[in-house]
Amino acid sequence: MIRSWWNGRSGFLAAPLLFGTALVVSALPARVTRAQPVSVEATSTAAASTDAAKAEASPAVKLPKPAPDYGIPQVARINEEIRTAWIDYDLKPSPPATDGEWCRRLYLDLLGRVPSVQELGAFLADTSPDKKAKLVNTLLSSDDYVEDYARNWTTVWTTVLIGRTGGNDQNSLISRAGMQKYLRDSFARNKPYDRMVEELVTATGVTTPGSEGFNGAVNFLVDKVNEEDATLATADTSRIFLGLQVQCTQCHNHPFNEWKQQKFWEMNAFFRQTRALRTFAPGGNMVSSAELVNEDFAGEGGNPVEAELYYELRNGLLKVAYPVFVDGTDVPKSGFVSDVVRRNELSKFMVNSDYLEKTMANRMWAHFLGYGFTKPIDDMGPHNPPSNPILLDYLAEQFRKNSFNVKELIRWIALSEAYSLSSRVTEDNQLDDPLLGEKPRFTHFYLRQMEAEQLYESLLVATQAHKTRGSYEEQEAKKADWLGQFVQAFGTDAGGETTSFNGTIPQVLMMFNGDLIRDATSNEPGSYLTTISSSKLSSRDKINYIYLSALARKPSDKELAIANELLRARRGDETAALQDMFWAVLNSNEFIFNH
């Protein structure tokens, strides 16, 4: 291939370049441009000027015509609240994204992959004014997309609940397949979110599919309850579902958090009746599965009638704790499961708490818009006020009123004006930059790199490799092998993981020379590229097809001219020219970014 020639051509999409240990790009593509970064000093000065101007009662900012709400009151309210924030901060939104950009964005966020050329073409050919609403409805409701929808959200929530490495260690009690089966079934049936949370928090049973007593939901807690007196179960349950970062108060009161040490151990007491029992394969020591059970808790003082636990203050004094929810509601102190199953009571408190719907609304907003109303999204105490509290409260309220229907929450966010905007930054909204520490006001779509799983699935779709997939288990095994090169776990009391995916040497090498890219750009008989090159399409249409499959747009005139120049340099070898072109497009920042 003559890839070095291709990468060096000015004016074309810049492929990733190595700079130290970071993945950088020489320039963002013309259709994903950003304004020059604004310095912190400039931001502060501009903010002060803005405040002064407000004090002088400057005229309200004039916004463009409102975006359609498709007759959905929740969408109308979202748009209203976001526009109010723009006016309050003297910001104007970027223009709308092109139909191709929006369609690609929606497929990535909702299904975890880019659209196929056929899917994109059908959307672009639709001239009806409500075509966006129709596409969202199709992806959420059509039987054709149930599998894709369930696969994507299973991937997302597997990472949330057990991490990218959970269950991959032979010594782990987690069955990754069991966790995925539970989630896949839940999302395929659109199980209400409150019911899903209840099942995850109260689950008992066996981890592994096919085992007697199998319950995939137990895999959320099975590796968390035996270690360190269930401190990880306490921290993860509070953080993921309630948006409360309690782990930092485990050992002492925190100066910037309303939670106190007492509260942590009162929450921890709910998990003290729970144990994970190991089972071993016959004739060996390897764990084959595990069972999560409720059992009597005698209390650390040996009195199960009032089964207390003790924790130590920083001054060495011991204090006692019993199960009490964050709002102060308690349950009987007995440790006998015949009297009270503490986790069952905890789930009731959680489902009735407004923390639950707020945390989910915040999480889903962040998934689609790039940033939540708080940063981080799972830290929602008074010490960390949201950027738009009225909108967050409204979304949470509507989510509960609509029976915790996740698809409805997705619909409202995906059809909002904020989600429809271009990623181009303008002079009127360049101060809306969360990277500078500003709270997001959603005047434009925040540019972000694909997640590793999205890139994997998008490469399959862009090259049509998804049409020859094996079983779900085979697909997940191949994906896990591919992801394994980027992710590693590290031992902390928060069960942390780190990823080397976003812009490091392993990613660059994988994208330049990895098996997936090599297969995608293969010129072997029957491959994707040979099928295109041997078709009756004109050379221009073949080039268009390459661009549409990867970037959801046709090439510009300048890009088309360079492609034709490459074809001449290849002396008419169309397959080789398309191979070089496809390699460059797949390695461009426009493909790798969600914009």
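Around Ala396, with a cut-off of 15 angstrom between Cβ atoms, what is the net charge of the other residues, counting Lys and Arg +1 and Asp and Glu -1? Residues close to Ala396 contribute a combined charge of -3. For region 356-455, the ratio of Cα radius of gyration to the globular rule of thumb 2.2 N^0.38 Å stands at 1.09.
Around Val206, what is the net charge, scoring Lys/Arg as +1 and Asp/Glu as -1 over all other residues with Cβ under 10 Å from its Cβ?
The answer is -2.
Between Arg275 and Glu574, residue separation times 0.36 nm minus the direct Cα-Cα distance comes to 101.3 nm. For region 291-297, putting each phi into the Karplus relation 6.51 cos²θ - 1.76 cosθ + 1.60 with θ = phi - 60° gives couplings of 10, 9, 10, 9, 9, 4, 10 Hz, in residue order, rounded to whole numbers and with x for Gly and Pro. The 1.4 Å probe gives accessible areas that order Val461, Val146, largest first, as Val146, Val461. With a ≥ b ≥ c the root eigenvalues of the C-alpha gyration tensor of region 146-209, is it rounded (a/c under 1.5), prolate (a/b larger than b/c) or oblate? Judged from the Cα gyration tensor, region 146-209 comes out oblate (a/c at least 1.5, b/c at or above a/b).
Listed peptides 111-124, 298-311 appear in the order 111-124, 298-311 once ranked by packing, highest mean of other Cβ atoms within 10 Å at the front.
Stretching Thr98 away from Glu524 to a fully extended chain increases their span by 149.8 nm, per 0.36 nm per residue minus the current alpha-carbon distance.
Based on the Cβ-Cβ distance of Lys375 and Asp88, what FRET efficiency does E = 1/(1 + (r/R0)^6) give at R0 = 22 Å, to the nearest 0.05?
0.65
Within a straight-line Cα-Cα reach of under 24 Å, Lys439 can be paired with the following lysines, leaving aside sequence neighbours fewer than 8 residues apart in one chain: Lys54, Lys62, Lys92, Lys358, Lys375. Mean projected area of the convex hull spanned by the Cα atoms of region 76-199, taken over all viewing directions: 11.0 nm². If R0 equals 45 Å, the separation of the Cβ atoms of Asp541 and Lys62 corresponds to a calculated FRET efficiency of about 0.55. Projection of the Cα convex hull of region 514-562, averaged over all directions and equal to a quarter of that hull's surface, yields 3.9 nm². Hey, with R₀ at 41 Å, roughly what FRET efficiency would Glu227 and Asn405 work out to, going by the Cβ-Cβ distance, to 0.05? The calculated FRET efficiency here is 0.70. For Asp143, the accessible area of its heavy atoms, probed at 1.4 Å with every protein chain present, is near 130 square angstrom. Taking label points 7 Å from Cα along the Cα-to-Cβ direction, Phe512 and Glu427 give a separation of 4.0 nm.
Shown are Arg342, Arg189, Arg363, whose ranking by accessible area with a 1.4 Å probe and every protein chain present, most to least, is Arg189, Arg363, Arg342. Remark: spin-label model distance Ala188-Asn168 equals 2.5 nm, labels positioned 7 Å along the Cα→Cβ axis. Find how many whole Å separate the alpha carbon centroid of region 550-584 from the alpha carbon centroid of region 388-413. Using only Cα atoms to place each centre, the spacing works out to 45 Å. Just so you know, the averaged projected area of the alpha carbon convex hull for region 103-151 sits at 3.1 nm².
Counting charges near Pro332 (Lys, Arg +1; Asp, Glu -1) among other residues having Cβ under 10 Å from its Cβ returns a value of -2. Note that region 359-408 shows a convex hull volume over its alpha carbon atoms of 71 Å³ per residue.
Ranking Asp379, Asp580 by solvent-accessible area of protein heavy atoms (1.4 Å probe, all protein chains present), from largest to smallest, gives Asp379, Asp580.
The values are calculated or read from the model by the stated rules, or taken from the named source; none is laboratory data. Source: prediction; values computed, not measured. Here Cβ is always computed from backbone atoms with ideal geometry, including for glycine, and neighbour counts include all displayed protein chains. Surface accessibility is based on the protein's heavy atoms, side chains included, excluding ligands, DNA and RNA. Shrake-Rupley method; radii C 1.70, N 1.55, O 1.52, S 1.80 Å.
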